[in-house]
Amino acid sequence: MVLNRNFSYGLGVLPTNPSVVVCYGEALISETWSREERSLTTYGPLSDEDRIFTNLYGRHDWRLKGAMQRGHWYKTKEIILKGSDWIIEEIKKSGLRGRGGAGFPSGMKWSFMNKPSDGRPKYLVINADEGEPGTCKDREIMRHDPHTLIEGCLIAGKAMGANAAYIYIRGEFYNEASNMQLAIKEAYEAGLLGKNACGTGFNFDVYIHRGAGAYICGEETALIESIEGKQGKPRLKPPFPADIGLFGCPTTVTNVETVAVSPTICRRGGDWFASFGRERNRGTKLFNISGHVNNPCTVEEEMSIPMRDLIERHAGGVIGGWDNLLAVIPGGSSTPLLPKDICSTVLMDFDALVQVNSGLGTAALIVMSRSADVVNCISRLIKFYEHESCGQCTPCREGCRWLGQIMTRFVKGNANKDEIDMIWEISKQMEGRTICALADGAAWPVQGLIRHFRPELEARFAKYGIELNEPPKAESSIPC
């Protein structure tokens, strides 16, 4: 296979002219950054030669020929033949943590499956049921760079000793599922999947399973139930999927982005990936930026890049300027929002956001300017969780309904100050008391609102009371 020299950076070789590798629009990020611009912050911006997803905006051929020209499927046979222990060691060395929200160390998670076989087949399940409001990173991978995921499935499957991978795709992602199916067909025809995959003697199959639009199926055990043809409701744990998962067999459920970066890590080395970001927050990351910004986008950047830097470099800044910023939800709808003063300095990684009582989540930033009604925004998110609760656990089923009812009154101002403490207590009683984390995802936005915008709530209640007690205005007389 002959590779285009300009795209050989996926193999650990830098292109002769990095500016020729254009993955991002001019409106989002310039093609090259000067040395002075690189020194503005400790982390970021990411150089083009260090990008893993080279077709994020669909400007190049996403099919097998184009993927190979950009360095995918290069030396995959050698990686497979090095064995599962070597692959897992490289993933551990890279410091890769799960990109779906939980942030569990991937090398450790994959090693749970790397045990002597007890006769049961092992399965890798890819969670592509991307339904978190504000999150659309996995969709871009499947639509524009599907072979990164397919190659990642093969390598991750080898590391775990799995026989097959199931890619569970959100029901609404029709185009993404079509592209994935065609890319899988190409991989089979080229001998990269199936029996004797890549000529290694390793047999591995990849299947597509379409979901039906249920947000709850993004939870790993609910996803497994759905593949098995049952209602998509979370299972009690233990037993964990690594012991009893899909069809009663050992299973690892992992995120699209997590698996898609593994081939490049193995090609360029775990140390290369670990050179980005802070300790315990290594590597590159896909970020979604939406809301009140000039250029909403999905962008690959270095982990630990400052939030303000990320928004201003890639999304064109907040509409009306940074001073017009009200708050940012940093990691998808389930993470607590942060006010402007924190957003100005916080780093975008797991640990930094936990320290300010929020989380990285799916790294989907939802930006709100001063024109936004922050109470109404959070109320709308709670309605989403109320609608998507499977109803299996009482704290979630009843708690989401209560939160929704109270937040509706908060939007109008038809409440009193004592109810702020009451809704806080309800959210705390929901947190950590259910089978899955959907209740936590509903509780945290409310907690973030109260933590940072309690004066706004109290002022709204006071204004409603004043307006309620005002005498009715006299009707204007209309001359006959």
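Which of (1) within 30 Å of Glu225 (Cα to Cα); (2) in a loop (DSSP other than H, G, I, E, B) is the odd one out, the single condition Arg401 does not satisfy?
Condition not satisfied by Arg401: (2).
Just to be sure, is Gly71 crowded, with 19+ Cβ neighbours inside 10 Å and free of Cβ contacts under 8 Å to residues at least 24 places away in the same chain? So that I can check it myself, show each step before the final result.
Working: crowded, with 19+ Cβ neighbours inside 10 Å: yes; free of Cβ contacts under 8 Å to residues at least 24 places away in the same chain: no.
For Gly71, the condition - crowded, with 19+ Cβ neighbours inside 10 Å and free of Cβ contacts under 8 Å to residues at least 24 places away in the same chain - is not met.
For the stretch 334-358: of the residues being without any contact (Cβ under 8 Å) to a residue 40 or more places away in the chain and in contact with a Lys or Arg (Cβ under 7 Å, 6 or more places away or on another chain), which is nearest to His452 (Cα to Cα)?
Cys343
For the stretch 411-464, how many residues meet the condition of being free of Cβ contacts under 8 Å to residues at least 12 places away in the same chain and acidic (Asp, Glu)?
Result for the stretch 411-464: 3.
Out of Lys109, Lys92, I need the residue that is outside any loop (DSSP other than H, G, I, E, B), charged (D, E, K, R) and at pLDDT 95 or above. Which one?
Exactly one residue qualifies, and that residue is Lys92.
Among the residues that make up the stretch 217-230, is at least one of them in a loop (DSSP other than H, G, I, E, B), surrounded by fewer than 24 Cβ atoms within 10 Å (Cβ to Cβ) and hydrophobic (A, V, I, L, M, F, W, C)?
No, that holds for no residue.
Could you run through the stretch 184-203 and say how many residues are buried (at least 17 other Cβ atoms within 10 Å of the Cβ) and either under 25 Å from Lys109 (Cβ atoms) or in contact with a Ser or Thr (Cβ under 8 Å, 6 or more places away or on another chain) (or both)?
Matching residues across the stretch 184-203 total 7.
So, in the stretch 355-375, how many residues would count as being in contact with a Cys (Cβ under 9 Å, 6 or more places away or on another chain) and either more than 29 Å from Gly413 (Cβ to Cβ) or surrounded by fewer than 23 Cβ atoms within 10 Å (Cβ to Cβ) (or both)?
2
Take Gly320 and decide whether it is over 15 Å from the mean Cα position of the chain (by Cα), on the phi > 0 side of the Ramachandran plot and either assigned to a loop (DSSP other than H, G, I, E, B) or acidic (Asp, Glu) (or both).
On the way: over 15 Å from the mean Cα position of the chain (by Cα): yes; on the phi > 0 side of the Ramachandran plot: yes; either assigned to a loop (DSSP other than H, G, I, E, B) or acidic (Asp, Glu) (or both): yes.
Yes, satisfied.
When the stretch 166-216 is examined, which residues are found to be aromatic (Phe, Trp, Tyr) and in contact with a strand residue (DSSP E or B) (Cβ under 9 Å, 6 or more places away or on another chain)?
Tyr166, Tyr168, Phe173, Tyr174, Tyr188, Phe204, Tyr207, listed by residue number.
Suppose we filter Thr394, Thr434 for residues that are within 27 Å of the chain's Cα centre (by Cα) and not assigned by TED's automatic domain parsing to the domain that holds Val293; which single one remains? Show your work before the answer.
On the way: Thr394 fails: within 27 Å of the chain's Cα centre (by Cα).
None of the other options fit; the residue is Thr434.
The values are calculated or read from the model by the stated rules, or taken from the named source; none is laboratory data. Model, not experiment: these values are computed from the prediction. Methodologically, a virtual Cβ is constructed for each residue, glycine included, from the backbone with ideal geometry; neighbour enumeration extends over all protein chains shown.
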